[in-house]
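In what follows, a structure is listed as structure tokens, so that the remarks can point back to it.
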Amino acid sequence: MSLKEKLLNKEAKVSVVGLGYVGMPLAVEFAKYTDVVGFDTNNEKINVYKSGIDPTKEVGDDVIKNTSVYFTNNEIDLKDVDFHMVSVPTPIKVDKTPDLSPVESASRVVGKNLKKGAYVVFESTVYPGVTEDVCIPILEQESGLRCGEDFKVG
């Protein structure tokens, strides 16, 4: 059975790491079809979502109240996920260079909880080479797994 079939049969899970104006709509849309873990390190934001409020104003309070997304800031909840979508911001530093610390931090969290056979897709806006040169080494170091052999990245 393909991963798509497993996801649609709710035999596999999706995570969205980073629940801002990009991640929240992704999580809500995926939750229409499969089980979704919505992860963010900001506990206050998670509590707001759990109370049915959409601080991003991207999908609206009614959608948040009625979604099946499992909101969490506990990274252990990522252990059983088969398909991770990382959608954290890439702010700009004072010198106008990208601050990669959010994507590096998200890669560490996903890597520590990455299972063999999983997929990791980066939805964050980064310059060419960041996935290969920054994110994959972190994922491999944290997980002890090898990209292309034990997990896939997009």
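Rule-based calculations on the coordinates, nothing more; no lab input. Keep in mind that this is a model prediction, so the values were computed, not measured. Quick reminder, even Gly has a Cβ in these numbers, built from the backbone with ideal geometry, and neighbours come from all protein chains shown.
Values for this structure:
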{"item": "Residue-averaged 222 nm ellipticity for the chain, from DSSP H runs of 4+ at -39500 (n - 2.57), nearest 500", "result": "-8500 deg cm²/dmol"}
{"item": "Tensor-based shape of segment 15-154 (alpha-carbon gyration tensor, a/c under 1.5 rounded, otherwise prolate or oblate)", "result": "oblate"}
{"item": "Proximal charge balance of LEU145 [Cβ under 13 Å; K/R count +1, D/E count -1]", "result": "+1"}
{"item": "Packing-based exposure ordering (other Cβ within 10 Å, fewest first) of VAL121, VAL16", "result": "VAL121, VAL16"}
{"item": "Segment ILE92-ASP61, length gained on full extension (0.36 nm per residue, minus Cα span)", "result": "8.2 nm"}
{"item": "Electrostatic dipole magnitude of segment 48-99 [Cβ: Lys, Arg +1; Asp, Glu -1; Cα centre; debye, to 20]", "result": "160"}
{"item": "Exceeding the 19 Å Cα-Cα cut-off - candidates LYS32/LYS79; LYS45/LYS79; LYS50/LYS112; LYS4/LYS112; LYS10/LYS45; LYS4/LYS116", "result": "LYS32/LYS79; LYS45/LYS79; LYS50/LYS112; LYS4/LYS112; LYS10/LYS45"}
{"item": "Electrostatic dipole magnitude of segment 3-153 [Cβ: Lys, Arg +1; Asp, Glu -1; Cα centre; debye, to 20]", "result": "220"}
{"item": "Euclidean distance between Cα centres, segment 97-154 to segment 1-77, Å", "result": "20"}
